[in-house]
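One structure is given below, encoded as structure tokens.
The values are calculated or read from the model by the stated rules, or taken from the named source; none is laboratory data. The shown structure was predicted, so the numbers you read here are calculated from the model rather than taken from an experiment. Reconstructed Cβ throughout: ideal geometry from the backbone, glycine too, with neighbour counts over all protein chains shown.
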Amino acid sequence: MYKITGAVIKGQQRGKQLGFPTANVATDSPIPEGIYVSTTVYNGKEYQSITFIGAAKTFNETNFQSETFIFDFDKDIYGENLSITLLEKLRENKKFTSADELVKQMKDDTMKAREYFKVQRAKILKPFGLAQGGRVKDDILK
């Protein structure tokens with residue numbers, strides 16, 4: 001789909017306040033606005049993530065931005081380089097009536113993205129007879 005690479009820059013810190021700390025990477029690519037299932041490579045390791053592309057309409061912003069919430073990740077990475085691959089669009093960008101409504105939607109987006117990765121993993125493992133409760137080391141899938 002689309003790929004974004006660059007250094008993490010400081011944003012409004014709003015994601016962190018809402019419980020979804022994001023890595024902001026500047027982009028001038030013509031990527032359609034919305035929420036995407038993504039993978040993020042940091043320091044040679046790939047992480048599952050979701051990425052917001054567009055203007056934060058809920059907060060009346062007009063700046064086009066890229067914000068990525070990396071699953072199961074808690075590091076200060078300002079200034080560090082990331083490579084983000086957008087895999088599938090979950091939904092369009094929209095304005096919410098409150099921050100609480102936005103957080104509820106972000107939780108739903110995260111659940112949908114995790115399910116996406118679970119399904120993709122099962123598709124990879126099925127030919128090996130491992131999709132139905134079998135176990136495999138994660139590094140085999142990379």
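Residue 67 satisfies every condition listed in (1) surrounded by fewer than 13 Cβ atoms within 10 Å (Cβ to Cβ); (2) of a type in the set (D, E, K, R); (3) touching a helix residue (DSSP H, G or I) at 6+ places or on another chain (Cβ under 7 Å) except (1).
Yes/no per residue for (1) buried (at least 16 other Cβ atoms within 10 Å of the Cβ); (2) closer than 28 Å to residue 118 by Cα; (3) of a type in the set (A, V, I, L, M, F, W, C); (4) in contact with a helix residue (DSSP H, G or I) (Cβ under 9 Å, 6 or more places away or on another chain):
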| position | (1), (2), (3), (4) |
| --- | --- |
| 1 | no, yes, yes, no |
| 13 | no, no, no, no |
| 22 | yes, yes, no, yes |
| 29 | no, no, no, no |
| 44 | no, yes, no, no |
| 50 | yes, yes, yes, yes |
| 63 | no, no, no, no |
| 71 | no, yes, yes, yes |
| 101 | no, yes, no, yes |
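Taking every residue in the stretch 20-45 that is closer than 12 Å to residue 5 by Cβ and touching a residue at least 12 places away in the same chain (Cβ under 8 Å) and pairing it with any residue that is aromatic (Phe, Trp, Tyr) and surrounded by fewer than 19 Cβ atoms within 10 Å (Cβ to Cβ), at least 6 positions away or on another chain, the pairs with Cβ-Cβ distances below 6 Å are 40/47. Can you name the residue in the stretch 8-23 that is assigned to a loop (DSSP other than H, G, I, E, B) and at pLDDT 85 or above and is also farthest from residue 101 (Cα to Cα) among such residues? Filtering the stretch 8-23 for residues that are assigned to a loop (DSSP other than H, G, I, E, B) and at pLDDT 85 or above, the one farthest from residue 101 (Cα to Cα) comes out as 10.
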